[in-house]
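S.K.: I'd like to ask some things about the structure below.
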There are 2 protein chains.
Amino acid sequence: MNAEIIAVGSELLTPDRQDTNSLFLTAELNKIGIEVVRKTIVGDERALLLEAFRDALNRVPIILSSGGLGPTEDDLTRETVAELLGRKLIRDDAVVRTIEARFRSFGRQMTENNLRQAMVPEGAELLTNPRGTAPGLWLEEGDQVIALLPGPPRELKPLFLEQVLPRLQRRAPAGRMFHREFRVTGLGESHVDHLAGPIYTRYPEVQTTVLASPGEVQIHLRMWSADADHAAKTLAAIQRALDLALAERIFSRDGSSLESVVAHELLQHNATIAAAESCTGGLLAERLTTIPGSSAYFLGSVVCYSNELKTAWAGVPSELITAKGAVSPEVAVALAQGIRRAVGSTLGVGITGIAGPGGGSEEKPVGTVHIAVASPTGVRERAVRFIGDRDMVRMQASQAALDMVRLYFLYNGQAPPVRP
Amino acid sequence: MNAEIIAVGSELLTPDRQDTNSLFLTAELNKIGIEVVRKTIVGDERALLLEAFRDALNRVPIILSSGGLGPTEDDLTRETVAELLGRKLIRDDAVVRTIEARFRSFGRQMTENNLRQAMVPEGAELLTNPRGTAPGLWLEEGDQVIALLPGPPRELKPLFLEQVLPRLQRRAPAGRMFHREFRVTGLGESHVDHLAGPIYTRYPEVQTTVLASPGEVQIHLRMWSADADHAAKTLAAIQRALDLALAERIFSRDGSSLESVVAHELLQHNATIAAAESCTGGLLAERLTTIPGSSAYFLGSVVCYSNELKTAWAGVPSELITAKGAVSPEVAVALAQGIRRAVGSTLGVGITGIAGPGGGSEEKPVGTVHIAVASPTGVRERAVRFIGDRDMVRMQASQAALDMVRLYFLYNGQAPPVRP
């Protein structure tokens with residue numbers, strides 16, 4: 001069963017605003033077996049809007065729109081769809097009273113233009129919107145459905161879940177979308193695809209999307225099926241094959257972020273962590289503390305850009321910095337060991353590198369990063385050369401550091417096995 | 001002059017991938033006076049693609065598409081548009097050689113399916129793509145233009161700028177889009193709109209978009225005009241009025257981020273900065289160091305979640321923490337003064353608060369944050385209660401801290417004037 005989404009609003013045709021409602025709507029529609037086959041973004045113009053809805057009605061049984069239900073002259077969705085379907089607009093006094101009450105609750109008087117939002121096309125069902133003034137509308141035309149939803153995501157999302165989804169579920173096909181997400185770090189996109197491609201291409205009924213961001217590759221598997229058992233078996237077979245091919249490079253099989261996977265390991269092992277960062281400038285700490293309850297495993301960290309602070313806070317001997325350079329394996333190790341000692345944490349992470357764009361040399365080009373993890377079983381150090389701009393280098397470095405912590409727990413504090 | 005953008009690709013109709021090329025294309029088109037009136041996102045299906053291009057040809061003189069030019073069976077844009085325009089596809093041997101050379105440069109053999117990318121519709125101009133295998137195509141049909149661009153942003157952007165933009169410029173109208181962006185912090189979206197609305201609504205020829213994110217409101221002004229002088233005067237008049245209404249709440253008039261504005265002030269004043277963060281977990285340091293060359297003003301900072309580290313690193317007396325609580329104005333001040341002393345920086349910032357979701361109490365609810373800035377002229381402290389989830393509280397707190405640093409320079413280290 002196919003649907004189209006029409007996002008209404010001239011601001012969605014500017015360079016700084018984008019329709020994001022359709023991502024939410026697509027995810028929810030897919031879950032109940034409805035596929036989105038087209039998205040259209042149109043401005044607040046009667047003729048263009050009319051054409052968009054008319055064309056969609058010629059193609060699909062389900063049309064969802066967002067936006068254009070507000071009180072201003074620019075809000076034309078309601079009127080245009082009523083005109084297209086040849087329905088009269090009738091003022092709904094209950095809606096008027098709801099809008100008036102809403103304004104009163106803010107200590108304000110309802111202005112006249114808000115009455116537009118109480119105009120309901122004949123035969124439409126109201127979708128009440130407790131988080132805004134404009135109600136949504138559900139219109140049936142023969143076997144087809146048009147749902148008009150408000151534009152603001154905080155109004156659209158609950159309204160859709162509470163009132164549109166149940167109505168659509170009654171019409172939805174037996175099948176639904178099954179989805180799996182794997183996340184990989186430490187391998188580039190083409191490397192992942194080289195390893196995973198021969199697997200997923202064997203399953204033409206599964207739609208695979210490979211998405212890359214700095215330091216991370218996501219593999220999304222999607223499968224439409226009316227047979228939940230068949231879908232589960234198929235996806236499990238792909239998962240087994242991916243597990244063999246990508247092994248410890250897969251850090252998540254449920255879409256969790258790397259920081260939340262690491263947080264989980266730290267909590268599970270009653271371990272604490274501290275960091276001494278240079279080139280990542282606090283990004284590692286920021287990511288470790290983005291998780292609610294992070295104070296259970298995160299005690300503190302330092303960002304030591306200057307050599308003096310590397311010595312003061314992480315006890316890196318100034319002679320070592322002079323001898324080896326601030327960006328060196330030895331200083332990374334000293335940072336990790338020093339911050340672990342200073343904080344008294346189970347693990348200490350040290351990061352030093354050149355994020356760029358300046359500061360590189362032939363010997364130590366931009367992107368050179370040394371990362372060390374000190375632990376009760378010793379210290380491990382990794383030298384990496386990342387590609388990309390400053391933000392990408394910093395992101396990849398924080399990702400690599402988190403991954404070293406993950407591997408520490410995966411291998412029980414021992415060195416990872418060497419692959420043949 | 002109007003254009004439509006068609007984004008081609010079934011992956012753009014999944015919940016995890018979004019067309020972003022159109023934002024770039026819109027910004028560039030607007031600059032030369034071309035307005036985007038519709039965006040369509042369609043999957044890799046012949047009939048739907050054909051309809052999308054046919055309908056667009058019935059509406060606008062300029063059509064840009066992205067995607068569907070690759071070597072696989074799913075890549076149908078080239079064939080479909082050739083069919084729609086009744087043009088034969090002819091293999092271009094020069095393109096074949098370019099693709100073969102590209103494969104050789106990677107040490108690989110070109111596979112047969114890549115030949116699809118060398119098929120060119122009769123009369124089309126090739127848009128060479130040095131960053132990918134598939135060339136873009138420029139097709140003219142009467143007065144209308146269709147430009148087929150590759151999907152990957154890193155291929156599309158330079159190809160568009162180098163080869164499509166100059167061609168479009170020759171057809172573009174005399175007018176163009178004039179754009180101004182103001183950024184405001186310390187006021188909510190509705191507050192900004194209350195102050196700015198009466199100004200910008202007086203200028204119906206200027207399209208205004210107000211965008212809010214945690215701790216920041218952006219005001220975008222857009223104006224189409226063939227008269228650059230008139231546009232400059234109109235936008236300058238709005239700017240003067242906004243400057244009066246929003247005064248020091250405007251931190252940027254050119255779209256700069258708050259961290260880059262603060263970085264600029266620090267550099268201008270030869271000042272250095274250090275921070276002791278608690279609830280923001282390193283976010284302030286991360287933002288201060290995101291700017292290239294930040295080591296000129298940023299020496300270091302600490303994230304001290306635990307009370308012991310507040311004492312060890314920022315010299316906060318443990319009795320003070322016991323007496324006042326870790327989240328208190330006194331501890332924020334002690335953090336700011338302590339880190340300034342420890343690092344020897346011009347400015348010291350202290351942040352302590354409750355980011356949530358746990359840890360709140362009736363007296364100190366989630367969102368309570370104390371921020372202090374210590375300087376050669378003394379110390380200033382601010383207590384704020386932010387609304388929102390953990391990420392939003394952290395973002396707003398880092399924004400408020402940066403803003404206090406900005407105001408320190410704006411008022412030459414003196415207290416901001418009290419408004420009547």
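The values are calculated or read from the model by the stated rules, or taken from the named source; none is laboratory data. These figures come from a predicted structure and were not determined experimentally. Note that each Cβ is placed from the backbone with ideal geometry, even for glycine, and that neighbours are counted across all protein chains shown.
S.K.: For region A:371-412, how many residues are more than 14 Å from A:VAL262 (Cα to Cα) and of a type outside the set (S, T, N, Q)?
M.R.: Summing the residues that are more than 14 Å from A:VAL262 (Cα to Cα) and of a type outside the set (S, T, N, Q) in region A:371-412 gives 23.
S.K.: For residues in region B:289-308 being over 27 Å from B:ALA263 (Cβ atoms) and of a type outside the set (Ser, Thr, Tyr), which is nearest to the other protein chains (Cβ to nearest Cβ)?
M.R.: Here the residue is B:GLU308.
S.K.: Does at least one position in region A:34-49 carry a residue that is more than 11 Å from chain B (Cβ to nearest Cβ) and modelled with pLDDT of 95 or more?
M.R.: no
S.K.: If you scan region B:262-303, which residues turn out to be surrounded by fewer than 21 Cβ atoms within 10 Å (Cβ to Cβ) and either among the acidic types (Asp, Glu) or outside the structural domain of B:ALA355 (by TED's automatic domain parsing) (or both)?
M.R.: If the condition is that a residue be surrounded by fewer than 21 Cβ atoms within 10 Å (Cβ to Cβ) and either among the acidic types (Asp, Glu) or outside the structural domain of B:ALA355 (by TED's automatic domain parsing) (or both), then B:GLU265 is the only one that fits.
S.K.: Could you list, in sequence order, the residues of region B:339-366 that are within 14 Å of another protein chain (Cβ to nearest Cβ), surrounded by fewer than 24 Cβ atoms within 10 Å (Cβ to Cβ) and small (Gly, Ala, Ser)?
M.R.: B:ALA342, B:GLY344, B:GLY356, B:GLY358, B:GLY359, B:GLY360
S.K.: Continuing with this model, one more query. From the list A:GLU162, A:GLU205, A:GLU216, pick out the single residue that is buried (at least 19 other Cβ atoms within 10 Å of the Cβ) and out of contact with any Asp or Glu (no Cβ under 7 Å at 6 or more places or on another chain).
M.R.: Just a single option satisfies the conditions, and that option is A:GLU216.
S.K.: Select, from A:ALA241, A:ALA263, A:ALA231, A:ALA247, the only residue that is more than 28 Å from A:VAL418 (Cβ to Cβ) and over 23 Å from the mean Cα position of the chain (by Cα).
M.R.: A:ALA231
S.K.: Follow-up question, since we're still on this one. How many residues does region A:101-142 hold that are hydroxyl-bearing (Ser, Thr, Tyr) and farther than 18 Å from A:GLU73 by Cβ?
M.R.: If we filter region A:101-142 for residues that are hydroxyl-bearing (Ser, Thr, Tyr), which is where we start, we get A:105, A:111, A:128, A:133.
So of that shortlist, the ones also farther than 18 Å from A:GLU73 by Cβ come out as A:105, A:128.
Residues flagged as hydroxyl-bearing (Ser, Thr, Tyr) and farther than 18 Å from A:GLU73 by Cβ within region A:101-142 amount to 2.
S.K.: Of all the residues that make up region B:371-412, how many are out of contact with any strand residue (DSSP E or B) (no Cβ under 6 Å at 6 or more places or on another chain) and small (Gly, Ala, Ser)?
M.R.: Looking only at that region, the number is 3.
S.K.: For region B:187-204, does any single residue satisfy the condition of being in contact with a helix residue (DSSP H, G or I) (Cβ under 8 Å, 6 or more places away or on another chain) and in contact (Cβ under 8 Å) with a residue 60 or more places away in the chain?
M.R.: yes
S.K.: Give just the number: which of (1) surrounded by 22 or more Cβ atoms within 10 Å (Cβ to Cβ); (2) over 30 Å from B:ILE273 (Cβ atoms); (3) within 14 Å of another protein chain (Cβ to nearest Cβ) does A:PHE251 not satisfy?
M.R.: Of everything listed in (1) surrounded by 22 or more Cβ atoms within 10 Å (Cβ to Cβ); (2) over 30 Å from B:ILE273 (Cβ atoms); (3) within 14 Å of another protein chain (Cβ to nearest Cβ), A:PHE251 misses just condition (3).
S.K.: Scan region A:366-401 residue by residue and report those that are closer than 27 Å to A:HIS269 by Cβ and among the polar types (S, T, N, Q).
M.R.: A:SER375, A:THR377, A:GLN396, A:SER398, A:GLN399 - these are the residues of region A:366-401 that are closer than 27 Å to A:HIS269 by Cβ and among the polar types (S, T, N, Q).
S.K.: Taking A:ILE321 and the conditions (1) modelled with pLDDT of 95 or more; (2) buried (at least 21 other Cβ atoms within 10 Å of the Cβ); (3) not in a loop (DSSP other than H, G, I, E, B), which numbered condition does it fall short on, given that it satisfies the others?
M.R.: Tallying (1) modelled with pLDDT of 95 or more; (2) buried (at least 21 other Cβ atoms within 10 Å of the Cβ); (3) not in a loop (DSSP other than H, G, I, E, B), A:ILE321 fails exactly one: (2).
S.K.: Can you tell which of B:LEU139, B:LEU127 is touching a residue at least 40 places away in the same chain (Cβ under 8 Å), hydrophobic (A, V, I, L, M, F, W, C) and surrounded by 15 or more Cβ atoms within 10 Å (Cβ to Cβ)?
M.R.: B:LEU139
S.K.: Of all the residues that make up region B:325-338, how many are within 14 Å of chain A (Cβ to nearest Cβ), in a loop (DSSP other than H, G, I, E, B) and of a type in the set (Gly, Ala, Ser)?
M.R.: 1
S.K.: Another question, then. Please report, ordered by residue number, the strands (runs of 3 or more DSSP E) entirely within region A:143-229 with at least 2 residues that are closer than 29 Å to A:ILE63 by Cβ and at pLDDT 95 or above. Give the steps one after another, and end with the answer.
M.R.: Numbers: elements: A:144-149, A:176-184, A:206-213, A:216-225.
Those strands (runs of 3 or more DSSP E) span A:144-149.
S.K.: Please go through (1) out of contact with any Ser or Thr (no Cβ under 8 Å at 6 or more places or on another chain); (2) of a type outside the set (Ser, Thr, Tyr); (3) under 29 Å from B:ILE354 (Cβ atoms) for B:GLN268 and return the number of the only condition it doesn't satisfy.
M.R.: (3)
S.K.: Of all residues in region B:304-318, count the ones that are touching a Phe, Trp or Tyr at 6+ places or on another chain (Cβ under 6 Å) and either in a loop (DSSP other than H, G, I, E, B) or not assigned by TED's automatic domain parsing to the domain that holds B:GLY350 (or both).
M.R.: Within region B:304-318, the first condition is being touching a Phe, Trp or Tyr at 6+ places or on another chain (Cβ under 6 Å), and the residues that meet it are B:304-305.
Now restrict to residues that are either in a loop (DSSP other than H, G, I, E, B) or not assigned by TED's automatic domain parsing to the domain that holds B:GLY350 (or both): B:305.
Summing the residues that are touching a Phe, Trp or Tyr at 6+ places or on another chain (Cβ under 6 Å) and either in a loop (DSSP other than H, G, I, E, B) or not assigned by TED's automatic domain parsing to the domain that holds B:GLY350 (or both) in region B:304-318 gives 1.
S.K.: Does region A:272-287 hold any residues that are touching a helix residue (DSSP H, G or I) at 6+ places or on another chain (Cβ under 6 Å), facing chain B (nearest Cβ under 8 Å) and aliphatic (A, V, I, L, M), and which are they?
M.R.: Passing the criteria: A:LEU283, A:LEU284.
S.K.: Moving to a separate point now. Can you report the number of residues in region B:19-41 which are touching a helix residue (DSSP H, G or I) at 6+ places or on another chain (Cβ under 8 Å), buried (at least 21 other Cβ atoms within 10 Å of the Cβ) and among the polar types (S, T, N, Q)?
M.R.: Going through region B:19-41 one residue at a time, the tally reaches 3.
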